[in-house]
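The values are calculated or read from the model by the stated rules, or taken from the named source; none is laboratory data. Remember, predicted model here, so these are calculated numbers, not experimental data. Cβ: placed from backbone, ideal geometry, glycine included. Neighbour counts: every protein chain shown. When the accessible area is computed, the model is the full protein with side chains, heavy atoms only, and any ligands, DNA or RNA have been set aside. Shrake-Rupley method; radii C 1.70, N 1.55, O 1.52, S 1.80 Å.
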Amino acid sequence: MAAVVAALALTACGGGTDSSSSGPDSPSPAGGGAGSAAFPVTVEHKYGSTTIEEEPEKVVTLGLSDQDAVLALGVRPVGAVDWFKEKPYGKWPWTRELWGSDTPEIVGERDEYNMEKIAALQPDLVIAQYSGMKKEQYDTLSKFTKVVAQPRDYPDYGAPWQEMTRQVGTSLGKDEQAEKLIEDIDARFGEVRDANPRFGSLTLAVADSFEAGKYSAFTATDPKAIFFKELGFQSKPEIDKLAKPGWNVAELSAEKLNVLDVDRLVWVTSGTDADDRIKAEPLYRKLKVSQDKRDLFVPYQDPDIGAAFSFNTVLSIPYAIEEITPLLTAVE
């Protein structure tokens, strides 16, 4: 392995509490033997297929939110990447207790991986589902460990959370547990739709803005848009048409803000300064959604509502539903 590490060529590619009776297993650093009878397993992915002969003892997650599904299935990753430039343990209310004191090594930021750190952990398995892993990165990692890359039939960052959870479940030999988690979350979405049938007749868009004059609207393949669709809302196809091929956002100038004139508009932002700046934009103030106060401004963090539906995982979804549903139902 030392020879492999010495020869590594670092690659970089750019592009981010609720409980139930059927909650996740109590995680352990290793698989604990619970799924050992399931092996060997073969997982198809973007760069081919990977056969895992035995239950992994050490797992590293390289997808931005992959650690959630792994934790939910009872395994604590020994390494993970940082998405929000916050350590991916202890911060988020939906995973804080599951990490406990077994915190992972930070092995990268978003899609930039520190190959030496990963190799030093001697993982049996690397999982990269919600990721933009490149072929060169996959090849490098495959020299010293098993790698399950992102789902093959979807664009990077475009696979549904259900598909990514199933891939993780198969990789860990825990298909049945993964399917149960998916069924429970689907049931939660169904409860919200049943309680709020009017959601089904409303269009909703999710947007953000990190600097003056520049706005982003998320396409139908982005986890944030998927989350609200599963709550029952309709998306706006015009947003997808404005996005560049392969992108999960449509970049908008102030002159293009009219595409956001929907029944419900959810701004997910970095804080009140950004909210005030958006509200003060003259062209935005002309929109009916603004004038009728059918726009919601929610933060990514503190409280972690935006982060929860950005992750859109089996662990974060219950938290996101609990936090955002009252805000949506309060809008007339």
When LEU296 is evaluated against the numbered criteria (1) open to solvent by 30 Å² or more (accessible area, probe 1.4 Å); (2) out of contact with any Ser or Thr (no Cβ under 8 Å at 6 or more places or on another chain); (3) outside any helix (DSSP H, G or I), which criterion, by number, is the only one it fails? (1)
As an exercise: evaluate VAL331 against (1) crowded, with 17+ Cβ neighbours inside 10 Å; (2) within 23 Å of ALA195 (Cα to Cα) and give the number of the one condition it does not meet. (1)
In segment 231-251, is there at least one residue being of a type in the set (Val, Ile, Thr), modelled with pLDDT under 95 and in contact with a strand residue (DSSP E or B) (Cβ under 6 Å, 6 or more places away or on another chain)? yes
SER65 passes all but one of (1) open to solvent by less than 10 Å² (accessible area, probe 1.4 Å); (2) over 18 Å from the mean Cα position of the chain (by Cα); which number fails? (2)
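Across segment 46-76, what is the total count of residues that are of a type outside the set (Val, Ile, Thr), in a helix (DSSP H, G or I) and in contact with a helix residue (DSSP H, G or I) (Cβ under 8 Å, 6 or more places away or on another chain)?
Applying the first criterion (of a type outside the set (Val, Ile, Thr)) to segment 46-76 yields 46-49, 53-58, 62-69, 71-74, 76.
Restricting the remaining residues to those that are in a helix (DSSP H, G or I) gives 66-69, 71-72.
Applying the additional criterion that residues be in contact with a helix residue (DSSP H, G or I) (Cβ under 8 Å, 6 or more places away or on another chain) yields 66, 68-69, 71-72.
Selection size over segment 46-76: 5.
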Only one of these conditions is not met by LYS288: (1) open to solvent by 50 Å² or more (accessible area, probe 1.4 Å); (2) under 16 Å from ALA195 (Cα atoms). Which number is it? (2)
Restricting attention to segment 97-138, the residues that are acidic (Asp, Glu) and under 14 Å from SER65 (Cα atoms) number exactly 2
